[in-house]
Amino acid sequence: MKSTLLHLRLPFSLLLLPVYLFAYSEVPNPNIYNAIVVFIVWHLFVYPASNAYNSYFDKDEGSIALIKEPPKVQKSLLVTAYVLEWTGLLMAFLVSFEFALAVAIYNSFSKAYSHPRIRIKKYPILSFLVVFIFQGFFIYYSCYQAIGQYDLGLNADVIQAGLIASCLIGASYPLTQVYQHEEDCKRGDKTLSLLLGVKGSFLFSGFVFFLGFALMFDYWNRQNELYNFWVFALCCSPILGYFLWWFKQCLNRVEAASFKNAMGMTLMSGLMMLLYFSWLWL
């Protein structure tokens, strides 16, 4: 039971909460009932199920996201993943058929990401694009539509906001893999971070984050709410400071690309983004 709970990595679901909050904050006249169900479906069922699938099929022996010493996976973990997945899918119908379809699509890609028969994870560019699109833009748009009380459509603002969400997710992606190169090699997974190397992972992450930063400036500038961008910039300053410090450490010695430092980066960026988008939502 304890092993299964650990592998669900429930705190990690909270680090994905900013995308939901961003979508909620941009919906005119949100439906509160839908908003509550959408939150529960993604963060209490779908994301934990995805984490469970990933852990079950990877069977990591080394550190993984938020778990320094992962316990051995058991069959109960896969059963739990299926229960969470299908419960979340059935709950999604309480919002709409369209939202349930979005959940089903996400679940399918989540399993394909880790399952040995397909294992998108072993293809560096494809795996990045799946995470970039589905944990960013796709989640943003599905939340935006589901929380709205009518068909809000896919306009330029929605597309740009979704791309911002994708950039913020995509920027952290290679840095969550930077300490796992040895284990990924053993398993035959050529991850994006492994392809880029340690230095390349930092440069790529910096570029994607800068792109999201620029899109955020343009987004709020066009809304005539530029103060929202300056608050975002303020929240980003600790992230940038940690990023530059860690990058310098890794340039001096490759051992600095460690689980401890990677989780420090993940928690720092996750908490600051949670702070910003909670402020935006409120």
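The values are calculated or read from the model by the stated rules, or taken from the named source; none is laboratory data. Since we're looking at a predicted model, the values are computed, not measured. So basically every Cβ, Gly included, is an ideal-geometry build from the backbone, and we count neighbours across all protein chains shown. Keep in mind that these areas ignore ligands, DNA and RNA; they rest on the heavy atoms of the full protein, side chains included. Shrake-Rupley method; radii C 1.70, N 1.55, O 1.52, S 1.80 Å.
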Exposed loop sites here are GluC sites (Glu not before Pro) in DSSP loop states with at most 16 other C-beta atoms within 10 Å. What is the longest stretch of the chain lacking them? 62-224
In the stretch 127-161, the chymotrypsin sites (Phe, Trp or Tyr not before Pro) that sit in a DSSP loop and have at most 15 other Cβ atoms within 10 Å of their own Cβ are Y150
Could you work out how far apart the two model spin labels at F39 and L282 are, taking each label as a point 7 Å from the Cα in the direction of the beta carbon, and quote it in nm? 1.3
Just the number please: accessible area per residue for the chain, 1.4 Å probe, all protein chains included, in Å². 47
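Report the FRET efficiency, 1/(1 + (r/R0)^6), for Q160 and V83, where r is their Cβ-Cβ distance and R0 is 30 Å, rounded to 0.05. Intermediate values should be presented prior to the final figure.
Values: r = 37 Å, r/R0 = 1.23.
The calculated FRET efficiency here is 0.20.
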Give the residues of the stretch 26-40 whose amide nitrogen is closer than 20 Å to a point set 7 Å from the Cα of L14 in the direction of its Cβ. 36-40
Once both label points are put 7 Å beyond Cα along the C-beta direction, the N221-C185 separation in nm becomes 4.4
For a quick check, take a GNM of the chain with Cα springs below 10 Å and name the residue from R253, R119, R187 with the largest mean-square fluctuation. R253
Please give every one of the lysines within straight-line cross-link reach of K199, meaning a C-alpha to C-alpha distance under 17 Å, and leave out same-chain neighbours fewer than 8 residues apart. K190, K248
For the chain, calculate the relative contact order in percent as a whole number, restricting contacts to Cα pairs under 8 Å that are 6 or more residues apart. 22
Starting from the exponent 0.38 and prefactor 2.2 Å, build the expected Rg for the stretch 1-281 from its residue count and divide its actual Cα Rg by it. 0.98
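Where the accessible area of the stretch 1-281 is counted over protein heavy atoms with a 1.4 Å probe, how much of it, in %, is carbon and sulfur? List each step's numbers first, then the result.
Working: 8860 of 13060 Å².
Taking all protein chains in place, the stretch 1-281 shows 68 percent carbon and sulfur surface.
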Which of rounded, prolate, oblate describes the stretch 67-193, given a ≥ b ≥ c as roots of the alpha-carbon gyration tensor eigenvalues and a/c under 1.5 marking rounded, otherwise prolate only if a/b is larger than b/c? oblate
In Å, descending, principal axis extents of the Cα set of the stretch 122-273: 50, 32, 20
What FRET efficiency, computed as 1/(1 + (r/R0)^6) with R0 = 35 Å and r the Cβ-Cβ distance, is obtained for A112 and F207, rounded to the nearest 0.05? 0.85
